[in-house]
1. Somewhere in segment 139-155, is a residue outside any loop (DSSP other than H, G, I, E, B), modelled with pLDDT of 80 or more and exposed (fewer than 10 other Cβ atoms within 10 Å of the Cβ)?
2. Right, residue 95: more than 26 Å from residue 133 (Cα to Cα), modelled with pLDDT under 90, in contact with a helix residue (DSSP H, G or I) (Cβ under 8 Å, 6 or more places away or on another chain) and not small (Gly, Ala, Ser) or not?
3. Every residue in segment 1-56 that is modelled with pLDDT of 90 or more, charged (D, E, K, R) and in contact with a helix residue (DSSP H, G or I) (Cβ under 7 Å, 6 or more places away or on another chain), please.
4. Residues being free of Cβ contacts under 8 Å to residues at least 60 places away in the same chain and either among the basic types (Lys, Arg) or surrounded by 13 or more Cβ atoms within 10 Å (Cβ to Cβ) (or both): count how many of those fall in segment 83-102.
Amino acid sequence: MFIGDDSAKITWAEMGWPGSVHDNRVWLNSDVYLSKEKYFNNKEYLLGDLAFSASSVLVPASKKGSNSNLRDDQGYFDTKLAKVWIKSEHCLGLLKARFLHLQGHHWVIKSKWDLDVILQVMMCACILHDLLINHPIPEDWVDKTTEVEDGEAFDHHGEMGNRHDQHLTYLMDTQ
């Protein structure tokens, strides 16, 4: 789970939960929620989608009942919320565009060490994303002809590996 700001920076990442766990459960067990007085002032809050329950620090989208429509003010709020939601999706899209290895999660986890390495790689990608957010993605990184199929694993020695090496070289040159 990621929390992002209006400039597409990742301000918090909660990782390590199985994908089958509901977002609201992850949120309710996160340090940000459990120690909200450490992270939020009186009038600060996060905006969330329908998956989240309302709290003193999170305002979710309006939920309509099974046989009712949203009131006008709820519809207005949800329209405004959708614009913010698009920004958060843009943030994750930029992260995945910069770090292609995050797309698809083709890693095999055989031990706790494997999981730890994956989580460290993901955290490093988030940190690098925030450092590079004000720099455009170079045009030569965008490959308009090759698409990776859902079931296809990344081959670090083939064409995707060359692209990976190009990304690493670019990142190292920007220091």
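The values are calculated or read from the model by the stated rules, or taken from the named source; none is laboratory data. On a predicted model such as this, the values are computed, not experimentally measured, just so you know. Using ideal geometry, Cβ is built from the backbone for each residue, glycine included, and neighbour counts are taken over all protein chains shown.
1. Among the residues of segment 139-155, not one is outside any loop (DSSP other than H, G, I, E, B), modelled with pLDDT of 80 or more and exposed (fewer than 10 other Cβ atoms within 10 Å of the Cβ), which makes the answer no.
2. Judged against the criteria, residue 95 is not a match.
3. 9, 14
4. 5
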